[in-house]
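Student: Pasting in a structure now, in structure tokens, and then I'll have a few things to ask.
The values are calculated or read from the model by the stated rules, or taken from the named source; none is laboratory data. Quick caveat, the model's predicted, so the values are computed rather than measured. FYI the Cβ positions are ideal-geometry reconstructions off the backbone, even for glycines, and counts take in every protein chain you see. These area figures cover heavy atoms from the full protein model, side chains too; ligands, DNA and RNA do not enter into them. Shrake-Rupley method; radii C 1.70, N 1.55, O 1.52, S 1.80 Å.
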Amino acid sequence: MKKIKSLLLRVYHVKALKYIVVTLIGILVIGFIDENSIWHHIVNRQRISELQEEIDRYNLQNANDQAQIKQLDSDPKAIKKIARERYFMKADDEDIYVLSDDNYTGKSILNDETTE
């Protein structure tokens, strides 16, 4: 305990060291600890840039959707095209074939059961 007390007394008598310690503590508080620190400002700027990119993406999607709505309002063939592609609707004299991208192994469940 006496060693700590003597160390603190030496620090107290050296004037320049007091100012250096106070300056370092101030920089630490301003730079990292405080709610309005420089570190928080950097993190917030990154978040703002991410949100701005998201806003731009949604604005582009909105513009594309508005163009598609205008096209659907003006062109009845576009409505038929969307009805056929997305909802598999057809005219009375047409047949629809849906092709799948699933991988076919070539084995049948019935063949596997009969061979066992």
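Student: Out of the total accessible area of the chain (probe 1.4 Å, heavy atoms of protein only), what percent is carbon and sulfur?
Tutor: About 59 percent, which is the carbon plus sulfur part of the accessible surface.
Student: Further, regarding this structure: Charges at C-beta only: +1 for Lys and Arg, -1 for Asp and Glu. How large is the resulting dipole of the chain about its Cα centre, in Debye rounded to 20?
Tutor: 2180
Student: So, one more: Just to make sure I understand: if all protein chains stay in place, what is the order of K2, K77, K90 by accessible area at 1.4 Å, largest first?
Tutor: Numbers: K2 175, K77 155, K90 110 Å².
Largest accessible area first, the list is K2, K77, K90.
Student: Averaged over all directions, how much area does the convex hull of the C-alpha atoms of the chain cover when projected, in nm²?
Tutor: Working: hull surface 92.5 nm².
Taking the Cα atoms of the chain, their convex hull projects to 23.1 nm² on average.
Student: Another question, if that's okay. Compute, for M89, the solvent-accessible surface of its heavy atoms (probe 1.4 Å) with the complete set of protein chains present, and express it in square angstrom to the nearest 10.
Tutor: Its accessible surface works out to 110 Å², give or take rounding.
Student: Now for a different question. Determine the gain in length on full extension of the stretch V22-R86; use 0.36 nm per residue of separation and subtract their C-alpha separation, reporting nm with one decimal.
Tutor: Working: separation 64, 0.36 × 64 = 23.04 nm, distance 6.89 nm.
Length difference between fully extended and current span is 16.1 nm.
Student: Quick check for me: using +1 on Lys/Arg Cβ and -1 on Asp/Glu Cβ, what's the dipole size of region 1-68 about its Cα centre, in debye to the nearest 20?
Tutor: 1280
Student: For region 11-76, what does the accessible surface come to per residue with a 1.4 Å probe? Please give it in Å². Don't jump to the answer; show the numbers that get you there.
Tutor: Numbers: 6040 Å² over 66 residues.
Accessible surface, normalised per residue, equals 92 Å².
Student: Could you state the angle between the C-alpha long axis of helix 2-13 and the longest principal axis of the C-alpha atoms of the chain, as a value from 0 to 90 degrees rounded to the nearest 10?
Tutor: 90
Student: Cα axis of helix 76-87 to longest principal axis of the chain: angle in degrees, 0 to 90, nearest 10?
Tutor: Tilt relative to the chain: about 80 degrees.
Student: Can you compute the FRET efficiency between V98 and N64 using 1/(1 + (r/R0)^6), with r the Cβ-Cβ distance and R0 = 25 Å? Round to the nearest 0.05.
Tutor: The value I calculate is 0.40.
Student: Then there is this: Got a sec? Charge dipole of the chain, +1 on Cβ for Lys and Arg, -1 for Asp and Glu; which of L60, V11, Y97 is way out at the positive end?
Tutor: About the Cα centre, the residue reaching furthest to the positive side is V11.
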